[in-house]
Amino acid sequence: MSGFEIIGTGRFVPGNPVTNTDLARVMDTSDEWVFQRSGIRQRHYAAEGQGASDLALEASQRAIADAGIDAREIDYIIFCTMTPDYVFPGSAAVLGAKLGLLGVAALDIRQQCAAMIFGLQLMNGLFSSGAARTILFVGAEAHAGFMPWDDWDLVTGAASRDVSPEARERANAHRALAVLFGDGAGAMIFRATTRDAGLVKLKVHTDGRYAETLYVPGGGFRTRPYWKRDMFDEQAHIPRMDGRELFKFAVTKLPRTARELCAEANVRIDEVDWFLAHQANLRINEYVREQLGVPKEKMPMNIDRYGNTSAATIPILVDEVRREGKLKPGQLSMMLALGAGIHWGCALLRL
Ligand SMILES: CC(C)(COP(=O)(O)OP(=O)(O)OC[C@H]1O[C@@H](n2cnc3c(N)ncnc32)[C@H](O)[C@@H]1OP(=O)(O)O)[C@@H](O)C(=O)NCCC(=O)NCCS
């Protein structure tokens, strides 16, 4: 494994927070239901016209400033999103242009909420092969485009009226999904180093039999054309989610993978300083934490404020914890994540 370290981080969330109670204006839900089941109190949404690359640009500029480098020192961009600006090309190219990094390789990875772990494996390869020295790694999501309502003025509190019964019914059909996701971006700058830092060991897995536990049924290239008028009538642009199955999968696979990783790396769980976990549901993380016997203070949580920001989650969390001055060089941190695919994995990183 080659040496690399985090030299800068940044995060950005759009607009004002939207609370669970705000969402109750457009569907039948409550702060009590959402908080008890998921630990979420509020989330942010990208504005109309604001894409994942715009959110990523803000976070990247903050990370570049934090690293104190000239953006031109970046020689590779990795962009993770499941909500790209276009069906194709991916948002990495769009972000590269916005940063003025013309000609710099920009790669999209689409491992949804597990992107950070796959990204670390990729970065390790890029550093060890000498293909890159300074990598901008960004996760950004604009889930607002798949939210099951049109009345954004009600959601944001810009207007007050009763939502139509039809609109409420449409939103209710997707309410378990809709309350979970929020928008934002997190950026990290990694640099090759001769210091004893970087990836210690990593395990990633995929089980595509479960692809339809969380997927978007419409707009795929199995049909001609790939987008049809009736797909919208069927709300086929909105992801379908089997929440219970994903929950079961996460609480089974993540503790097992974390234990196997530690055993293979010859590291005891109690030697790990930080557990930086994807934030899909507070109850999932609490369960994983208890299974592993990890004290609360070693697993920071921020899902209450952002919801599940998919690929942006771990970079946002790392930025928060790092800016609080908690992450110290030499510490051992484990990242854990599971996302649609189903992809999942854990990584041990020496800071
Ligand atoms: C989504 C999740 C919170 C739902 O919790 P759950 O306990 O499984 O709830 P269910 O979907 O079984 O629904 C239970 C009831 O609450 C209702 N409900 C669903 N969403 C609701 C909402 N937002 N507000 C109020 N009630 C809601 C359901 O209609 C159902 O009512 P019924 O019993 O009358 O039919 C939970 O399954 C979860 O978090 N799963 C993991 C999802 C995940 O991690 N996804 C991302 C992976 S990266």
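Please treat every number below as a calculation from the coordinates, not as lab data. What you are looking at is a predicted structure, and each value in this text was computed from that prediction instead of being measured. All Cβ positions, glycine included, derive from the backbone under ideal geometry; neighbour counts span all protein chains shown.
Things to note:
- About its Cα centre, the dipole of the chain is roughly 860 debye, where the only charges are +1 on Lys and Arg Cβ and -1 on Asp and Glu Cβ.
- Sparse-neighbourhood loop sites, trypsin sites (Lys or Arg not before Pro) in region 135-190 - DSSP loop, at most 14 other Cβ within 10 angstrom: R161
- Pairs exceeding a 28 Å alpha-carbon distance, out of K98/K203; K228/K253; K98/K326; K228/K248; K203/K298: K98/K203; K228/K253; K98/K326; K228/K248.
- Cα centroid separation - region 1-77 against region 213-232, whole Å: 27
- Each Lys and Arg Cβ is given +1 and each Asp and Glu Cβ -1; about its Cα centre, region 209-272 then shows a dipole of about 240 debye.
- Comparing G10, Y287, I238 along the charge dipole axis of the chain, the residue lying farthest to the positive side is Y287, per the Cβ-charge model.
- Model label sites at V87 and R133, defined 7 Å from Cα along the beta-carbon direction, differ in position by 4.1 nm.
- Spatial offset of region 308-351 relative to region 240-284 amounts to 12 Å, using the alpha carbon center of each.
- Across the chain, Cα pairs under 8 Å and at least six residues apart give a relative contact order of 27 percent.
- Using alpha-carbon coordinates, inclination of helix 243-265 to the longest axis of the chain, degrees: 0
- Dipole-positive endmost among A46, G68, G103 within region 31-114 (Cβ charges, Cα centre): A46
- Three principal axis extents describe the C-alpha atoms of the chain; from largest down they are 62, 47, 39 Å.
- Fewest-first ordering of K203, K248 by other beta carbons within 10 Å of each residue's beta carbon gives K248, K203.
- Counted by neighbouring Cβ atoms within 10 Å, the residues Y76, Y86 run from fewest to most as Y86, Y76.
- Signed unit charges on C-beta, dipole axis of the chain, positive-most listed residue S160, S128, F181: S128
- Dipole magnitude for region 198-350: computed about the Cα centre from +1 point charges on Lys and Arg Cβ and -1 point charges on Asp and Glu Cβ, it is near 240 debye.
- Contour minus Cα-Cα distance for D75 and S164 (0.36 nm per residue): 26.9 nm
- Spin-label model distance (nm) - D28 vs A211, 7 Å beyond Cα toward Cβ: 3.5
- Within a Gaussian network of the chain (alpha carbon springs, distance under 10 Å), most fluctuating of L282, L120, L292: L292
- Qualifying trypsin sites (Lys or Arg not before Pro) in region 1-100, where qualification requires a DSSP coil assignment and no more than 16 other C-beta atoms within 10 Å, are lacking entirely.
- Rounded to the nearest 10 degrees, the angle from helix 282-292 to the longest Cα principal axis of the chain is 30 degrees.
- In region 162-255, the chymotrypsin sites (Phe, Trp or Tyr not before Pro) that fall in loop regions by DSSP, at most 15 other Cβ within 10 Å: F221, Y226, W227
- Shown is the FRET efficiency for W152 and T194, computed with R0 = 41 Å from the Cβ-Cβ distance and rounded to the nearest 0.05: 0.20.
- Spatially proximal aspartates and glutamates relative to K296 (Cα-Cα < 16 Å; intrachain offsets below 8 disregarded): D270, E271, D273, E286, D304
- Computed across region 30-146, the Kirkwood hydrodynamic radius from all distinct Cα-Cα pairs reaches 15.4 Å.
- Computed extension length for K228-E260: 7.0 nm, one decimal, from 0.36 nm per residue of separation with the Cα-Cα distance subtracted.
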